[in-house]
Every structure is written in C-alpha cells, then in structure tokens.
Amino acid sequence: MNTLKIAQPAHPIHDLVKQRWSPYGFSDRAVSSTDLQSLFEAARWAASSYNEQPWSYIVAAKSDSTAFAKLLSCLTEGNQAWAAAVPVLAIGCTSLNFSKNGKPNAAAFHDLGLASATLTFEATARGLVVHQMIGILPDKVRELYAVPEGVQPFTGLAIGYAADPEKLPEPLKQRELTPRSRKPITDFVFGDKWGTKSGLVE
C-alpha cells in the first residue's frame with residue numbers, strides 16, 4: 001500500500017477511513033466477480049431518504065473490450081487518459097423523482113453519493129481502490145445506454161488495484177507520491193454563527 005496516502009488524522013478514526021484514497025494509477029490486475037458483486041451489494045445497503053434507493057450503476061470490465069470502450073467514451077477526455085488502464089469502470093446514475101408519487105427527490109444526489117461511498121469503503125476493506133469522478137459526459141451516457149428521462153447520469157467510478165507509483169509516468173507519479181491533506185474540522189463545523197467554529201470541536 002502507498003503509505004503516503006494513509007491519512008494522518010488529528011483525532012482517532014477507523015482504519016478504513018484512513019486508508020481510503022483515490023488513485024489515478026491502476027494496475028492491470030483484474031477485479032474478481034466475487035469482489036465486484038460485494039461492492040454493489042454494499043451499495044445496495046446504503047441508507048436513503050424514505051428507503052427510495054434511487055441509485056443505479058452502469059458497469060463494464062476491461063475484460064470485455066467492446067463494453068469497456070463504450071463506457072470509457074462517456075468520460076471526459078482528461079479522465080479517459082488515465083482511466084483506460086482501469087479494470088472496471090462504472091457510471092453512477094440517480095432517479096430524480098420518488099417512485100411512489102413522482103414528486104422530486106431532493107435527496108437523490110446525496111443518496112447516490114452515500115451508496116457510492118458505501119461501495120468505496122467495501123472496496124477499501126477488500127484491498128481495492130475506487131476513484132470517483134464528476135468528469136463524465138451525461139448526454140452521451142443517456143444516448144449510448146438509453147437512460148430514461150428522470151434519471152440523471154452523474155458520476156464515474158474507477159475500480160481496481162492501485163499501481164506501484166514508482167512505475168507510473170509523470171505527472172501521475174507525482175500525484176500518487178504527494179501526501180494527502182485536509183482542512184481542519186474547525187473550518188467546517190460551526191456553532192452559533194456560520195463561519196464560527198463549534199465549541200464541540202477543536
């Protein structure tokens with residue numbers, strides 16, 4: 001594992017949270033069908049508003065070159081450059097309206113994110129990595145996969161095993177060798193007024 005990407009938290013957190021990161025470099029090692037099914041099983045059990053479960057995923061493995069090329073073409077050019085080496089790609093979509101009454105689901109994007117986060121932590125527990133990306137071509141996804149109205153293609157997911165950063169070309173190598181950093185919790189956990197830190201954190 002790339003130890004530079006293990007979080008150095010200010011307060012104790014679970015090892016899965018410390019170890020989760022989003023590489024750009026992926027090895028050519030295939031993801032087993034058993035692991036892949038468990039990742040989507042984890043997503044299945046994510047929490048959602050009114051248990052709507054609005055998320056859907058379009059998925060392709062590099063072992064099927066035609067299906068993989070089709071899905072890869074739905075990423076932005078910058079993401080295609082590194083994602084071409086990824087063993088499994090997915091597009092996360094979400095239904096914008098509640099199925100029970102057709103009303104707008106204000107939590108649709110939140111719930112897709114939570115499902116994908118749950119998938120990601122299952123992947124981390126299995127020694128896999130997931131790189132989520134907003135850089136997709138939603139209209140192309142809709143066209144190529146006949147995505148219905150009311151469903152929004154929203155994010156891409158690259159799934160696999162992290163490559164040895166020393167074997168990566170620049171600038172991917174430098175990205176993978178840069179330690180992770182985050183702003184302190186006092187910058188985003190507020191109390192009496194917006195921008196004023198909560199007395200519950202330090």
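The values are calculated or read from the model by the stated rules, or taken from the named source; none is laboratory data. Just so you know, these numbers come straight off a predicted model, no measurement behind them. Cβ sites come from the backbone with ideal geometry, for glycine too, and all protein chains shown count toward neighbours. All accessible areas refer to the heavy atoms of the entire protein, side chains included, with ligands and DNA or RNA removed. Shrake-Rupley method; radii C 1.70, N 1.55, O 1.52, S 1.80 Å.
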Which residue out of ALA84, ALA107 is open to solvent by 10 Å² or more (accessible area, probe 1.4 Å), of a type in the set (A, V, I, L, M), more than 28 Å from LEU172 (Cβ to Cβ) and at pLDDT 95 or above? ALA107
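Results for (1) closer than 19 Å to PRO12 by Cβ; (2) touching a Pro at 6+ places or on another chain (Cβ under 8 Å); (3) of a type in the set (Val, Ile, Thr), shown as yes or no for each residue.
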{"site": "LEU168", "(1), (2), (3)": "no, no, no"}
{"site": "LYS173", "(1), (2), (3)": "no, yes, no"}
{"site": "THR178", "(1), (2), (3)": "no, no, yes"}
{"site": "ARG182", "(1), (2), (3)": "yes, no, no"}
{"site": "LYS193", "(1), (2), (3)": "no, no, no"}
Looking at THR66, is it touching a helix residue (DSSP H, G or I) at 6+ places or on another chain (Cβ under 7 Å) and among the β-branched types (Val, Ile, Thr)? no
For residues that are surrounded by 13 or more Cβ atoms within 10 Å (Cβ to Cβ) and either hydroxyl-bearing (Ser, Thr, Tyr) or not in a loop (DSSP other than H, G, I, E, B) (or both), tally how many sit in region 9-35. 8
List every residue pair whose Cβ atoms lie under 6 Å apart, where the two residues are 6 or more positions apart in sequence or sit on different chains, the first residue falls within region 79-108 and is more than 26 Å from ASN51 (Cα to Cα), and the second residue, located anywhere, is open to solvent by less than 40 Å² (accessible area, probe 1.4 Å) and part of a loop (DSSP other than H, G, I, E, B). ASN79/GLY135; PRO87/VAL31; VAL88/VAL31
Regarding LYS5, is this residue touching a residue at least 12 places away in the same chain (Cβ under 8 Å), touching a Pro at 6+ places or on another chain (Cβ under 6 Å) and surrounded by 18 or more Cβ atoms within 10 Å (Cβ to Cβ)? no
Does region 53-66 contain at least one residue that is assigned to a helix (DSSP H, G or I), of a type outside the set (Lys, Arg), over 15 Å from LEU112 (Cβ atoms) and open to solvent by less than 50 Å² (accessible area, probe 1.4 Å)? no
Of all residues in region 120-146 being of a type in the set (D, E, K, R) and farther than 28 Å from PRO165 by Cα, which is least open to solvent (accessible area, probe 1.4 Å)? ARG142
Please work out which residue is nearest to ALA47 (Cα to Cα), limiting yourself to region 67-123 and to residues that are among the polar types (S, T, N, Q) and not in a loop (DSSP other than H, G, I, E, B). THR118
Based on what the data block shows, is GLU41 in contact with a strand residue (DSSP E or B) (Cβ under 9 Å, 6 or more places away or on another chain) and of a type in the set (Asp, Glu)? no
Taking region 36-52, which residues are under 14 Å from THR118 (Cα atoms), in a loop (DSSP other than H, G, I, E, B) and either open to solvent by 50 Å² or more (accessible area, probe 1.4 Å) or not small (Gly, Ala, Ser) (or both)? TRP45, ALA47
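If you go through region 155-199 one residue at a time, how many are part of a loop (DSSP other than H, G, I, E, B) and open to solvent by 40 Å² or more (accessible area, probe 1.4 Å)?
Qualifying residue count, region 155-199: 21.
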Filter region 164-202 down to the residues that are within 29 Å of the chain's Cα centre (by Cα) and β-branched (Val, Ile, Thr), then identify the one that is farthest from ALA81 (Cα to Cα). VAL201
